[in-house]
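The values are calculated or read from the model by the stated rules, or taken from the named source; none is laboratory data. Keep in mind that this is a model prediction, so the values were computed, not measured. Methodologically, a virtual Cβ is constructed for each residue, glycine included, from the backbone with ideal geometry; neighbour enumeration extends over all protein chains shown. Each accessible area value is taken on the protein alone, full model and side chains, heavy atoms only, with ligands, DNA and RNA left out. Shrake-Rupley method; radii C 1.70, N 1.55, O 1.52, S 1.80 Å.
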Amino acid sequence: MATDNRIHFWRRNQKVPGSLQPVYGAQHPPLDPRRHRPLKDTPKASSLNAKSKKPATFHEFARSTNDAWDIDDEEDDGMFSLKQYSSSPVQSRSTPQTPRLKLFKSPEDTEPLPRPSDRQEPINTNHDQYRLDVESGPANGRVVKSCSDAQLNVNAARNTLQKQQSLPVRPVIPLVARISDQNASGAPPMTVREKTRLDKFKQLLASPNTDLEELRKHSWSGIPREVRPVTWRLLSGYLPANRERRDLVLQRKREEYFGFIEQYYHSRTDDNHRDTYRQIHIDIPRTNPLIPLFQQPLVQEVFERILFIWAIRHPASGYVQGINDLVTPFFVVFLSEFVDLSGGCPHGLQHVLICSFKEDVENFEMASLPLDTQRNIEADSFWCMSKLLDGIQDNYTFAQPGIQIKVKALEELVSRIDEDVHVHFQRCEVEYLQFAFRWMNNLLMRELPLRCTIRLWDTYQAESEGFSHFHLYVCAAFLIKWRKEILSMVDFQSLLMLLQNLPTIHWGNEEVGLLLAEAYRLKYMFADAPSHYKR
């Protein structure tokens, strides 16, 4: 019954769907009815019945209209020259705006589509390259697709490629920046220059008496990760320059630290030290909360012992929030010295830190190391952190006067090097202490990924007063780095939110190197010229 209804429907309707009609606003250009004959006057191919009659069934209608867009015309401008078939003689006439929808290339002339990034070349006018199919049935044993479908498929494919090509391409860096990811640009793990620098460091470290000034000179632009642990120990003053004495000093200092543990650590539950230990116990889980390494209970216990012993031995300051962050770079660098995952790594022991097929330090299980190794890492981290804090202890005494002085110095420096930024802060009523206090208290560790902090501390270790003096100019250069974004914020809230959440997650060695170079320029211009640019 349904079949009979469909047959009667096609017989009743004179204007069958799909007949060639001018449709304005469609995908293809509008058609001029004066320049196109109705479908019933279009000559049929030799495979169809030459007798003109109305379609009696849907199948006849489909066969009679499947080439509705097959208009075999030529353009006078020579863009296309189409073959004329004896089985379907069609008169040629000039139709510049007529769409060509059923063009396809011969199998022998098939070429890949151009990439979206390439410029579109002019259409080839070779007479034999393209041909127009006006047959409504199968040709040479293969079914010819509808002309409009073929063109739409090509357009869809090109549009998809163009969308993919328009997306921004940048290196994939995890939200938790790996401490071993030293090069965000994806450079090879070991270049000729890096190999030469590494050999130079090894030569300096292997000498009977290491030239510390020469070591600082080479360390300013970054220390190779293979020699960073021993270099940091030397530059911080933890190890002597004399090579023969180093093992004895290490043994003595490590034993001394664990002597402090036996002497003081049990007092963490006493009334005098209970509050200090409680605050340390609260702050440790907040140290790098997104890195699995620092969420291990064994690692947290190591940090608690280091910070508690330091607080007991420095009663003038005691423990202050922010000191817990300063242990992290030392701990990670000294841990990397003992992570032996180099089996199969073509670049040796330390290069496992940059091999994607090896385990990262940030996911390393501390419990897998021997107990003696764990103790060595803990003791070395304590002594190097103590050496650092000895130079900036006034940052953590009562009222933290060192930080107050540095923030005021930063404000004066910015007012001299970039008055527009300084005035903009005043206009938005933003005080430097509201964002720069953390920069001084944590040495920019909350502003930069851990890999960038380690690279930054290479230079701080090389500078004579890196943590106490040069850090001021690094903060000034860091602030001016975001000048454009700062000036675009027009109110207090948006400006402060920007300064507390600066987008540095994708930073690498290149960005840190530029920051340090600008800081060195500012130091060279202003450190010994207090009235320079002063208004």
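For the residues S381, S468, a 1.4 Å probe over the protein chains yields an accessible-area ranking, largest first, of S468, S381.
Computed from label points 7 Å out along Cα-Cβ, the spacing between D420 and D394 is 3.5 nm.
Work out, step by step, the length gained on full extension between K484 and D199: first 0.36 nm times the residue separation, then minus their alpha carbon distance; give nm to one decimal. Before the final figure, lay out the partial values.
Details: separation 285, 0.36 × 285 = 102.60 nm, distance 4.14 nm.
Here the answer is 98.5 nm.
Protein heavy-atom accessible surface, 1.4 Å probe, per residue over the stretch 189-253: 54 Å². Simple point charges give the picture: +1 on the Cβ of Lys and Arg, -1 on the Cβ of Asp and Glu, and for the stretch 205-352 a dipole about the Cα centre of about 180 debye. For the peptides 391-399, 268-276, the ranking by mean Cβ contacts within 10 Å, running from highest to lowest, is 391-399, 268-276.
Rounded, prolate or oblate: which fits the stretch 451-493, taking a ≥ b ≥ c as square roots of the Cα gyration tensor eigenvalues, rounded meaning a/c under 1.5, else prolate when a/b beats b/c?
Working: a/c = 3.60, a/b = 2.48, b/c = 1.45.
It is prolate, given that a/c is not under 1.5 and a/b is the larger ratio.
Converting phi to 3J(HN,Hα) with the Karplus coefficients 6.51, -1.76 and 1.60 and the offset θ = phi - 60°, the stretch 397-413 yields 7, 4, 6, 6, x, x, 5, 4, 5, 5, 5, 5, 5, 5, 4, 5, 5 Hz in sequence order, with x at every glycine or proline.
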